[in-house]
Amino acid sequence: MTTTATTSARRPPRRKKLSLQSLLIQAAFVATVAATLGYFAVNAIHAVNSRGMTAGFGFLERPRGWSMPATIFATPATDTYSATILASALNTLVVGLAAIVVATLAGFLLGLAQVGRNVILRALSRSYVQVFRNIPTIIYVLFIFGLMLSLPGPRQALRLFDVIYLTNRGLRIPSLEAPASYWLAVSVVTLTATAAFLLRRKLPAHLKLPSSGAVVAGLLLAGWGVISLTFSLTGHLSISLPALQGFNFIGGTTFTIEATTLTLALAVFGSAYIGEIVRGGLLSVPKGMIEAATALGLKPWQIFSLVRMPIAMRSIIPAISNQYLYMMKATSVGIVIGFSDLFAVASLSINYSGQTLEVLALMMMSYIIINFTLSRMTEALNAHLRFKTKGN
Amino acid sequence: MQARPSPVGQNSARFATWIRKTFFSTWFDALLTIALTYLVVRFAVFFIQWGFIDAVWRPNAANLCSASAACWSVITTRWRLIFFGLYPADEQWRAALACVVIIAAVVMSCMPRFYSLKALLLIWAGALVGFLTLMGGGILGLRPVSSEQWSGLPLTLYVYAGVILLGMPASILIALGRRSNYPAIRWVLTVIVDTVRSLPLLAILFSFSLIIPFFLPSQMTFDKVYRVILGFTLFFACYQSEVIRGGMQSVSDDQEEAAKALGMKYFHRMKDIVLPQALRNTMPMTINQFVMTFKDTSFIVIVGLFDLLATAKSAYGVPAWSAYDKEIYVFIAVIYFVFSYLMSEYGSYLERRRGYETR
């Protein structure tokens, strides 16, 4: 039995002959997998029926009936299950992204400190990285939560420049009071700019769209500035600062202690790992390159920004993207402190609604989507930054 | 003409130059050194004061503890609960011995001397038999202790050992399957591995402890510990299979082709040529995975197993000790740190040594 070769250029040059033996083996393998899954399915259906549970996703339209624990995006208890799961996914994303941003900043500083010139700074940052890399995330979460609970109340709040307050009720930060139309305008402008930038090579050339990232970013900022100015001049946009009144704060918005704890714990853990990655990347720059750059007469800061960082980034980016994926999934630890992330809400929904398999399937689907999107984005970044050699 | 400076003077001059060049080479450097030294000294003084000088070390001294100094008394009083949980007090020496057995097995598996299939099988078979006899009892005159009372450090080590033991062969099988010539096998395994790697560990542990009762007939139930070990093994095997796959790719094709030319069949080729080299090449990354798995065992407290972290939390759960959770967490962090740091330092040492060998 031989296959007929197609004329498509993408086909591999040779094809193994399909043999009866290989077909049989593959069929046997697939049949075993299918049989196991079928056995599980039969048992599951039997279990569902014998417990009197209703299968199917109809429960998503039912009102929830229970109140969500600490959350950033609040939903009343009368909201449907689908709204609840969506809110919890947004919680996960916000905390994950905040932790990623803080960890990246701190991690890069740590990485630079570890290869810097000052001996004491090197020793301090190296010990920080070595110690904080080797402690599990859940211990950070529990420890920081204990610390946060013992913070003083609003009257003795820890303050930063009198605009940010940290108390045992959370982190109080200034907020932007704006109507929905403002956010709509901002998102429209952002989406257009992003789309134009991503599609810049595919659009007709005579439109003369800017192709440099910096120019597009500048235009985007200008656009935001114009919109904000218009809205604030017509009196619809204002910044609300938190102020102590009586026993509590008015104005601003609160980032609950659960959310703050989770972000901080993930940031501490992530910064130690990212510090190690950045150090490894910077150490992997060949010494010959740096010596050549010095011989050419480049100043130290030029050598750093034009030679060391770009080369180091190429080995840092794959490792860091792994770390980002891990941090996004590690938000599931929020369940120990009662934060409404995707996992916590899924387990509560299973408890209250009894729809175990459906909720589990939804939770897995959401994590797979988040993971897939994030890994695609970092893959694209990696491909963009990769050295173009013959193989690529 | 200058007289030659005396040796003593010369040494102190060299020392002074060294100090200047290392710590104060530029203005910014000098400022940074001074600022950091000041901060380090202040923090060290505070920490030594809080943690050692003013601290309370005596057991059962809750009344002496105050908020301004460390209360290590909670650990010296409750250490049996923290380490061994619900295990009967007079049999706890058995639990301690069982922990030592597992730690010794892990240490021996990391030494290249024992990195052959026969040796590893012997070590781990011996370790498991030893652990189960010591913990479970019932023979050799040891009082039987039911597995519901296994908690604390022995439970953590048991789950860890189970995951590694089941996960390593599983990961090798998955890695082999993913580079098999049969597209169906490759495709199914790729889907499984990519799905499992996209999910958080907690989700998998939770699903396994909930799902398995659904998918098996109601007469066949098993202990939560084994459901958790199964889920964790799947997670570990998927990650480790990626490491091994990378290792197999790093073994050059010539090796396998030469083996084929010599007439070796698939099983022999893999067992004697490709896998030993792949495993040796990826030993640092494998040890990294071992370290991460050890740290991840702290998650099993969330699915309801009474492991080291859970027993530690219960140690400060009583009103007398409820204010001293920070000392407990520092202690547990130190335990995890010691294990993880030693293992990862060993991994880096191996990596460095391999760097010397390949030159």
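The values are calculated or read from the model by the stated rules, or taken from the named source; none is laboratory data. In this text, all values refer to a predicted model and were calculated from it rather than measured experimentally. Cβ: placed from backbone, ideal geometry, glycine included. Neighbour counts: every protein chain shown. These accessible areas exclude ligands, DNA and RNA; they are computed on the full protein's heavy atoms, side chains included. Shrake-Rupley method; radii C 1.70, N 1.55, O 1.52, S 1.80 Å.
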Open item on the list: Just the residues that are within 16 Å of A:S349 (Cβ to Cβ) and either at pLDDT 85 or above or assigned to a helix (DSSP H, G or I) (or both), please, taken from the range A:23-62.
Closed with: A:F57, A:G58, A:F59, A:L60, A:E61
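If you take the residues of the range B:247-291 that are hydroxyl-bearing (S, T, Y) and more than 27 Å from the chain's Cα centre (by Cα), which of them is nearest to B:I332 (Cα to Cα)? Talk me through it step by step, then tell me what you get.
The first filter runs over the range B:247-291 and keeps only residues hydroxyl-bearing (S, T, Y), leaving B:250, B:252, B:266, B:282, B:286.
Now restrict to residues that are more than 27 Å from the chain's Cα centre (by Cα): B:252, B:266.
Numbers: B:S252: 44, B:Y266: 47 Å.
That would be B:S252.
For the condition more than 17 Å from the chain's Cα centre (by Cα), surrounded by 15 or more Cβ atoms within 10 Å (Cβ to Cβ), at pLDDT 90 or above and within 12 Å of chain A (Cβ to nearest Cβ), what is the one hit in B:F294, B:F206, B:F214? Write out each step before concluding.
Values: B:F294 fails: more than 17 Å from the chain's Cα centre (by Cα); B:F214 fails: at pLDDT 90 or above.
On inspection, the qualifying residue turns out to be B:F206.
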Open item on the list: Just to be sure I understand the filter: pairs with C-beta atoms under 7 Å, separated by 6 or more residues or on different chains, first member in the range A:43-56 and more than 10 Å from chain B (Cβ to nearest Cβ), second member assigned to a helix (DSSP H, G or I) and not aromatic (F, W, Y). Which pairs pass?
Closed with: A:A55/A:V48
TODO: Taking the residues in the range A:338-358 that are of a type outside the set (S, T, N, Q) and surrounded by fewer than 24 Cβ atoms within 10 Å (Cβ to Cβ) as candidates, determine which candidate is farthest from the other protein chains (Cβ to nearest Cβ).
DONE: A:Y352
Task: Pairs, first more than 16 Å from B:A161 (Cβ to Cβ) in the range B:268-297, second open to solvent by 60 Å² or more (accessible area, probe 1.4 Å) and assigned to a helix (DSSP H, G or I), C-beta under 6 Å, six or more apart - done: B:I273/B:Q255; B:N281/B:S250; B:P284/B:E351
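Among A:S375, A:S340, A:S353, which is the only one that is closer than 19 Å to B:L202 by Cβ and in contact (Cβ under 8 Å) with a residue 12 or more places away in the chain? Break it down stepwise before answering.
Details: A:S375 fails: closer than 19 Å to B:L202 by Cβ; A:S353 fails: closer than 19 Å to B:L202 by Cβ.
It is A:S340.
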TODO: Just one of (1) open to solvent by 10 Å² or more (accessible area, probe 1.4 Å); (2) of a type outside the set (S, T, N, Q); (3) in contact (Cβ under 8 Å) with a residue 60 or more places away in the chain; (4) more than 30 Å from A:A380 (Cβ to Cβ) trips up A:I335, so point out which.
DONE: (3)
Task: Among (1) facing chain A (nearest Cβ under 10 Å); (2) closer than 18 Å to B:L86 by Cα; (3) of a type outside the set (A, V, I, L, M); (4) open to solvent by less than 20 Å² (accessible area, probe 1.4 Å) - the single one B:T311 does not satisfy - done: (1)
Task: Some residue of the range B:81-89 being within 14 Å of chain A (Cβ to nearest Cβ), at pLDDT 85 or above and within 30 Å of B:A127 (Cα to Cα) - done: yes
- [ ] Could you figure out which of (1) open to solvent by less than 10 Å² (accessible area, probe 1.4 Å); (2) closer than 30 Å to A:I144 by Cβ isn't true of B:M248?
- [x] (2)
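Taking helices (runs of 4 or more DSSP H) that fall entirely within the range B:1-103, which contain at least 3 residues that are surrounded by 14 or more Cβ atoms within 10 Å (Cβ to Cβ) and of a type in the set (G, A, S)?
On the way: elements: B:7-23, B:27-48, B:73-84.
Counting at least 3 such residues, we get no helices (runs of 4 or more DSSP H) at all.
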- [ ] Please verify whether the range A:303-317 includes one or more residues that are of a type outside the set (A, V, I, L, M) and either within 30 Å of A:I257 (Cα to Cα) or within 13 Å of chain B (Cβ to nearest Cβ) (or both).
- [x] no
Task: Qualifying position, being of a type in the set (G, A, S), in contact with a helix residue (DSSP H, G or I) (Cβ under 9 Å, 6 or more places away or on another chain) and closer than 26 Å to A:P152 by Cα, among A:A292, A:A259 - done: A:A259
Task: Filtered residues of the range A:257-315 (kept if among the charged types (D, E, K, R) and touching a residue at least 60 places away in the same chain (Cβ under 8 Å)) - done: A:E258, A:E276, A:R279, A:R314
TODO: May I ask you to verify whether A:A113 is modelled with pLDDT of 95 or more and either open to solvent by less than 30 Å² (accessible area, probe 1.4 Å) or facing another protein chain (nearest Cβ under 9 Å) (or both)?
DONE: no
TODO: Could you grab the pairs with beta carbons closer than 8 Å, sequence gap of 6+ or different chains, first residue in the range B:174-185 and facing chain A (nearest Cβ under 9 Å), second one in a loop (DSSP other than H, G, I, E, B)?
DONE: B:N181/A:K16
TODO: Could you tell me whether the range B:275-286 includes any residue that is over 13 Å from B:L173 (Cα atoms), out of contact with any Asp or Glu (no Cβ under 6 Å at 6 or more places or on another chain), open to solvent by 80 Å² or more (accessible area, probe 1.4 Å) and not polar (S, T, N, Q)?
DONE: yes
Open item on the list: Tell me yes or no: at least one residue of the range A:240-250 is on the phi > 0 side of the Ramachandran plot and either surrounded by 13 or more Cβ atoms within 10 Å (Cβ to Cβ) or in contact (Cβ under 8 Å) with a residue 60 or more places away in the chain (or both).
Closed with: no
